[in-house]
Ligand code: AMP
């Protein structure tokens, strides 16, 4: 979820942002924290920002926008973010809209934490921050157990340089003049929600969570009702993928057509088709003599195989052959064969005993010769 957290200095938006990070798993981006880190590290940006910060004025839009652009380009923001302390004026709000529009990820919620002016003054002058873990205390409303020491990690508590009365006065004036128009800007866009920032931190957070959750639900419902727009490019890609898949799939079997023919009729994938065409062409090219040779070769091979079988059969002793035959015949078949034997009718010559053509010719010749001899006698 992409959220902007609005509120005057001291409204507690930093504290709420940290709780939101834990609950929603999105990063907090605080321009105040980033600027303070730059000042401490004495980077060129920090050196330029320091004077404005010390005076309680806004740092130039140019610097802050460059910083935000760089931060939003980091991958941890892809699932959403909480902007804390930015935008601070209308120019920044418009620039943020432009940037998010470019990224195709518009802002989803502007959450305003409202606190009265007097309460803010008390909070800010009494504010102390742990330098080790960042926990925030207030010497008036939520003091640490030991003065100047963090309850959680024992770190030193720090009074921010810009938390003195003069600077605080300036910061609140700047807020009234420059940041309150940003609240109206988001109200006009229909993205503004307001939560009262007074009371227990946990109670305020419950109110914050209710708002975030309800906006999330609304967006989920809207997304379900309105499917995302499909571009022409998307459609063309889908058609191309479908066509490729269609061309590569084997055809369904045609009813009443023999399996062999079906295989021929089936539209083979492009590669297979090409291979088949090549084979056909090669077959056409074979001269008749070659074809004959190939057929003769096949016949010879068949004869050889038959001879081998015969020889093997001869080797088997009669008893063994019988046993093997009995084993092969299942009981039902054996019965059938028996029945056939009993049935009267023509005696058929067993197929295996058929004489080969050459032998038959020899026998016929012998018969002719004996007949001639008889005649002569
Ligand atoms: P904060 O911690 O948000 O109160 O910010 C501390 C100081 O940092 C402010 O008083 C400004 O001088 C500077 N600052 C933070 N955010 C911005 C911003 N968005 N635009 C300009 N100056 C900023």
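Summed over the range 13-56, the residues that are surrounded by 15 or more Cβ atoms within 10 Å (Cβ to Cβ), in contact (Cβ under 8 Å) with a residue 60 or more places away in the chain and over 28 Å from residue 209 (Cβ atoms) give a count of 2.
Being surrounded by 13 or more Cβ atoms within 10 Å (Cβ to Cβ), touching a strand residue (DSSP E or B) at 6+ places or on another chain (Cβ under 8 Å) and touching a residue at least 60 places away in the same chain (Cβ under 8 Å) narrows it down to one residue among 212, 119, 198, 139; which is it?
Values: 119 fails: touching a strand residue (DSSP E or B) at 6+ places or on another chain (Cβ under 8 Å); 198 fails: touching a strand residue (DSSP E or B) at 6+ places or on another chain (Cβ under 8 Å); 139 fails: touching a residue at least 60 places away in the same chain (Cβ under 8 Å).
Matching residue, one of 212, 119, 198, 139: 212.
Per-residue answers, yes or no, for (1) within 24 Å of residue 161 (Cβ to Cβ); (2) away from the ligand (no atom under 15 Å from the Cβ); (3) in contact with a strand residue (DSSP E or B) (Cβ under 8 Å, 6 or more places away or on another chain):
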position: 76; (1), (2), (3): no, yes, no
position: 83; (1), (2), (3): yes, no, yes
position: 104; (1), (2), (3): no, yes, no
position: 112; (1), (2), (3): no, no, yes
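Scanning the range 8-39 for residues that are within 11 Å of the ligand (Cβ to nearest atom) and at positive phi turns up just one, 10. Would the range 64-73 turn up any residue that is under 38 Å from the mean Cα position of the chain (by Cα) and outside the structural domain of residue 174 (by TED's automatic domain parsing)? No - not one qualifying residue is present in the range 64-73.
Of the residues 186, 175, which single one is in the same structural domain as residue 25 (by TED's automatic domain parsing), within 20 Å of residue 106 (Cα to Cα), modelled with pLDDT of 90 or more and within 16 Å of the ligand (Cβ to nearest atom)? Full working, then the answer.
Values: 175 fails: within 20 Å of residue 106 (Cα to Cα).
One residue alone meets the criteria, 186.
The condition of being surrounded by 10 or more Cβ atoms within 10 Å (Cβ to Cβ) and either at positive phi or modelled with pLDDT under 80 (or both) does not hold for residue 226. Of all residues in the range 57-74, those being out of contact with any strand residue (DSSP E or B) (no Cβ under 9 Å at 6 or more places or on another chain) and either away from the ligand (no atom under 12 Å from the Cβ) or closer than 30 Å to residue 209 by Cα (or both) number 8. Residues of the range 119-132 that are closer than 21 Å to residue 166 by Cβ and outside any loop (DSSP other than H, G, I, E, B): 119, 120, 121, 122, 123, 124, 125, 127, 128, 129.
The values are calculated or read from the model by the stated rules, or taken from the named source; none is laboratory data. Given the structure is predicted, the values throughout are model-derived calculations rather than measurements. Counting neighbours? That spans all protein chains shown, and the Cβs are built from the backbone with ideal geometry, glycine included.
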